[in-house]
Amino acid sequence: MKNILITGGAGFIGSHVVRRFVTNHPEYHIYNLDALTYAGNLENLRDVENASNYTFVKGDIVDASFIDQLISETDFHGIIHLAAESHVDRSISDPLSFVMTNVVGTVNLLNAARKTWKGDFSGRRFYHVSTDEVYGELHDPGTFFVETTKYDPRSPYSASKASSDHFVRAYQSTYGLPIVISNCSNNYGPNHFPEKLIPLMIHNIINNKPLPVYGKGENVRDWLFVEDHAIAIDVIFHDGKNGETYNIGGHNEWKNLDLVLVLCRLMDQKLGREKGETEKLITYVTDRAGHDLRYAIDATKLSEELGWKPSLQFEEGLERTVDWYLSNQEWLQNVTSGEYQKYYEGMYAGR
Ligand code: NAD
Ligand code: TYD
């Protein structure tokens, strides 16, 4: 059985990747390494936590000696690296923690893999999961980020992810480390932490709280259902070429305000409210500093070379997401009250 290390597996996207690999790849033993920051929640993985091919390891990727020890003790064939600080707003108020986890943490993993694999890279792979935000912002409709778009990060978050991407590529050209990178657009779906746009809006709608739209709501994001991202990661991990970058996205652009209005209408139906009632909660608030105007991904390379395409239409994905939050209000309640962090308190010694 091959051992695969997935970092950040207790987070939003990571938990879907862990579930997919534990369930669809019984030939692997999956190690989920996560520091369980505010964004990590083991409740996301309750359905697979007792699987025989799954082990959770609590630990911080910023701790170099811990990472060295973990990677030298277990013969990992692959590392799929998702652990990160991921919220742009948090990066504006605390950039340094983004440097530590996203840059230093990534370099610690690269160093440990390089030292342990000692130049014998056959059958090994270091997969770095990144974001389209490294490309900066788009203005003209009809333009898209492609894999060769020049990096132009504009927030501390995207600058830290861009830096980590550069380190990953440098470890291939300098040490020959077998790497692959993907840059994905905004994800949505179950288990999304309710301070990001879609789950925050769903939470506030349920609780009749104001819906804070930044600026005029004109910024555009390209939304992909999280399970489709997990499938793309599976495909790229197995079939992607060493040293390559693949953009992942669903050609699904929405202005923030239009998206919030669609959500309001859907929630009116789901909650039995009068048509138009929910959208009265929309409140325009001060814009985010340096707010990127538009992201849009061209995923042609991934679809033509590796045959990946998103499986879900947005309407279906959004309805599945809303239904998940409505039937998992305990999860939402635990996360917003902080209760979720008590679930595993004392269960893992960690580092
Ligand atoms: P998330 O914030 O929901 O989860 C991050 C996970 O990493 C959490 O479980 C957290 O506990 C863990 N973590 C944080 N710091 C750590 C550390 N120092 N050591 C070990 N674990 C640590 O993030 P997400 O939205 O699931 O994003 C996952 C990855 O995908 C990130 O690398 C992000 O940049 C990338 N990405 C996200 C999106 C998106 O829309 N959310 C889009 C494209 C790419
Ligand atoms: P977010 O989910 O934070 O993702 P990102 O900034 O990485 O794209 O935000 C998505 C968009 O929604 C972004 O343009 C900022 C905007 N936004 C709001 O208008 N209100 C909010 O409360 C939040 C969290 C985001």
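Across the accessible surface of the chain, with the other protein chains kept in place and a 1.4 Å probe, carbon and sulfur atoms take up 49 percent. The peptide list 209-217, 126-134, put in order of mean Cβ contacts within 10 Å with the highest first, becomes 126-134, 209-217. Among 40-49, 82-91, the peptide with the highest mean count of other Cβ atoms within 10 Å heads the list, and the full ranking is 82-91, 40-49.
In the structure shown, the pairs Lys161/Lys280; Lys118/Lys161; Lys161/Lys209; Lys255/Lys301; Lys275/Lys342; Lys58/Lys118 are assessed against 28 Å; a Cα-Cα span above that value is assigned to Lys161/Lys280; Lys161/Lys209; Lys275/Lys342. Averaging the Cα positions of each part gives two centres, and for the stretch 45-114 and the stretch 206-231 these lie 26 Å apart.
At a probe radius of 1.4 angstrom, the accessible area of the chain per residue rounds to 42 square angstrom. Could you tell me what % of all Cα pairs in the stretch 201-351 have separations over 18 Å? That fraction is 69 percent.
The values are calculated or read from the model by the stated rules, or taken from the named source; none is laboratory data. No experiment lies behind these values; they were computed from the predicted model shown. No Cβ is skipped: glycine too gets one built from the backbone with ideal geometry, and neighbour counts run over all protein chains shown. We work out accessible area using only protein heavy atoms, side chains counted, and drop any ligands, DNA or RNA first. Shrake-Rupley method; radii C 1.70, N 1.55, O 1.52, S 1.80 Å.
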